[in-house]
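Here's the structure, in structure tokens; my notes come after.
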């Protein structure tokens, strides 16, 4: 049964989240840990929904390299097939031998033509081979231009380079309790300025005996900082103005609590604003825990050391 009696009825709701309120139209969390929306779109052809450029810019590095490598091998196999189709006699300089040895030589010739290396060991002699090699050279030029643009786009795309704690904690705060999570910039010599953070929560509540999602903006101890060279522990005081006032772990679960975190800051390196999203669901909110400090003084006393490996460390209180 959804929580409904423990919410302060005078709390101002946030109706600008863009999330649904009907429980029958949503499934799982709204925002994934990596900041992407937990949403799959249907009803239109895949070709209209698919964006090759955006997807390639956002792929993990290993996937990006894999896609480029597979495309390179596949396109050369295709052109090798066309050369074999028009006949190996259209190419001069081929080493005689078995069919597979000739096919291998043609594949190597294709890679040289595609990349415009042109070692000269094999060259097209007939009109058909010259036409195919001309098309392949043009395809190689265009492919190189596209890949170069993608690589530049990936390097020049502003990124926040922030890592968030795996859990949010309900910890002692002043004379009461507070909901806390923390994050830090993990790149050396990388720091954001003019940071602003907003945290919204979604709760499953009863409205006229019908379960619906309600959204509330959480009041934070601090929502802005001028710069963040170290870590930042974000604190929401749980008081009479908090939607979590009086909540237990079971209440969190029953109300299907999810925190939506949006952070925005200015990056001096990219000279642009960057932003990052993440979320915490009820099973990622731990009660009666406290974060362990993650910075210390260097042995010579001249430097502060930020211990990123302690970002997720906490203890019971």
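Among the residues examined, residue 242 qualifies as modelled with pLDDT under 95, part of a loop (DSSP other than H, G, I, E, B), in the same structural domain as residue 29 (by TED's automatic domain parsing) and under 21 Å from residue 278 (Cα atoms). Scan region 117-176 for residues that are touching a residue at least 40 places away in the same chain (Cβ under 8 Å) and over 27 Å from the mean Cα position of the chain (by Cα) and jot them down. Once the filter is applied, which keeps residues that are touching a residue at least 40 places away in the same chain (Cβ under 8 Å) and over 27 Å from the mean Cα position of the chain (by Cα), region 117-176 yields 126, 128, 129, 132, 136, 139, 171, 172, 173, 174, 176. Evaluate the following for residue 38: is it surrounded by 10 or more Cβ atoms within 10 Å (Cβ to Cβ) and at pLDDT 70 or above? For residue 38, the condition - surrounded by 10 or more Cβ atoms within 10 Å (Cβ to Cβ) and at pLDDT 70 or above - is met. Counting the residues of region 291-311 that are in contact (Cβ under 8 Å) with a residue 24 or more places away in the chain and surrounded by 15 or more Cβ atoms within 10 Å (Cβ to Cβ) gives 4.
Could we say that residue 145 is loosely packed, with under 13 Cβ neighbours inside 10 Å and either closer than 30 Å to residue 92 by Cα or modelled with pLDDT of 90 or more (or both) here? The answer is yes for residue 145.
Checking the structure you have, find out if any residue of region 92-106 is closer than 26 Å to residue 148 by Cα and without any contact (Cβ under 8 Å) to a residue 40 or more places away in the chain. Within region 92-106 (the criterion being closer than 26 Å to residue 148 by Cα and without any contact (Cβ under 8 Å) to a residue 40 or more places away in the chain), the answer is no, since none of the residues qualifies.
The single condition from (1) assigned to a loop (DSSP other than H, G, I, E, B); (2) touching a helix residue (DSSP H, G or I) at 6+ places or on another chain (Cβ under 9 Å) that residue 204 fails is (1).
Counting the residues of region 204-227 that are modelled with pLDDT under 85 and either over 23 Å from residue 28 (Cβ atoms) or exposed (fewer than 13 other Cβ atoms within 10 Å of the Cβ) (or both) gives 4. In the set 294, 252, 230, only one residue is touching a strand residue (DSSP E or B) at 6+ places or on another chain (Cβ under 9 Å) and under 15 Å from residue 168 (Cα atoms); that residue is 252.
Annotation: residue 90 fulfils all but one of (1) surrounded by 12 or more Cβ atoms within 10 Å (Cβ to Cβ); (2) within 44 Å of the chain's Cα centre (by Cα); the unmet one is (2). Exactly one condition in (1) modelled with pLDDT under 90; (2) touching a strand residue (DSSP E or B) at 6+ places or on another chain (Cβ under 8 Å) is false for residue 155; which is it? Here residue 155 clears every test but (2). What is the residue count in region 246-261 for residues that are more than 30 Å from residue 195 (Cα to Cα), assigned to a helix (DSSP H, G or I) and touching a residue at least 24 places away in the same chain (Cβ under 8 Å)? Selection size over region 246-261: 4. For region 68-86, the tally of residues that are over 17 Å from residue 115 (Cα atoms) and touching a helix residue (DSSP H, G or I) at 6+ places or on another chain (Cβ under 8 Å) stands at 3. The C-beta contact set for region 267-290 (first residue without any contact (Cβ under 8 Å) to a residue 12 or more places away in the chain, second residue part of a loop (DSSP other than H, G, I, E, B), distance under 9 angstrom, 6+ apart or interchain) comprises 271/158.
The values are calculated or read from the model by the stated rules, or taken from the named source; none is laboratory data. All figures in this text were calculated on a predicted structure; none of them were measured in a lab. Cβ sites come from the backbone with ideal geometry, for glycine too, and all protein chains shown count toward neighbours.
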